[in-house]
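Structure, as structure tokens:
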Amino acid sequence: MVKPFIFDQEFGQKSAGGPSQRQLRVAEEIRHSLAEIFTKTEFRDTELRNKYLTVTEVKMSPDLRLATVYFTRLGHNDAAELVPALKRVSSFLRGQLSSRLKLKFLPELHFIADTSLEYAAKIDNLLHRSEVRRDLEKSDS
């Protein structure tokens, strides 16, 4: 059976049905390592000092040269403001990753604030409002 080619909008190339097992495995190793680095490292950058970040997902390019890191701050909505600071410390983070991972090439790190948790909370709030409104209309009839 022939797998259909899917155009990957994030990396701008064709892939055969999604990421390979190697891409998934490397992405998960990077996610775990970055999460550990964020919890154990005191950053010199004042914007990152005392900010607790959570890495929600890492996506790898097919050639494993680019890692797109999705992160968030639980309980805060200012994750997007931290992207420039993370870009400044990306070389430090790559150095930390190099000692933890056994890769031929260490990928370039590209950071994106993950807003999916905020979006899910917003949708939940809207659904809850509509349920309450529907329940009130039923009780009035």
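Where a number appears in this text, it was derived from the coordinates with a stated rule and is not lab data. Small disclaimer: the values here were computed from a predicted structure and weren't measured. FYI the Cβ positions are ideal-geometry reconstructions off the backbone, even for glycines, and counts take in every protein chain you see.
Residues of segment 30-74 with an amide N closer than 13 Å to a point placed 7 Å from the Cα of L103 along the Cα-to-Cβ direction: 30-35, 58-70. L64 sits among other residues whose Cβ lies under 9 Å from its own Cβ, and their net charge, with Lys and Arg +1 and Asp and Glu -1, is +2. Cα-based values for segment 6-115, radius of gyration first and Dmax second, are 14.0, 43 Å.
Give me the number: length gained by fully extending H128 to A80, i.e. 0.36 nm times residue separation minus the C-alpha to C-alpha distance, one decimal in nm. Please report the intermediate quantities before stating the final value.
Numbers: separation 48, 0.36 × 48 = 17.28 nm, distance 2.71 nm.
Stretched out fully, the H128 to A80 stretch lengthens by 14.6 nm.
Projecting the Cα atoms of P84, L97, P62 onto the charge dipole of segment 6-115, computed from C-beta unit charges around the Cα centre, puts L97 farthest toward the positive end. When the listed pairs K51/K102; K51/K87; K40/K87; K59/K104 are checked against a 22 Å cut-off, the alpha-carbon distance exceeds it for K51/K102.
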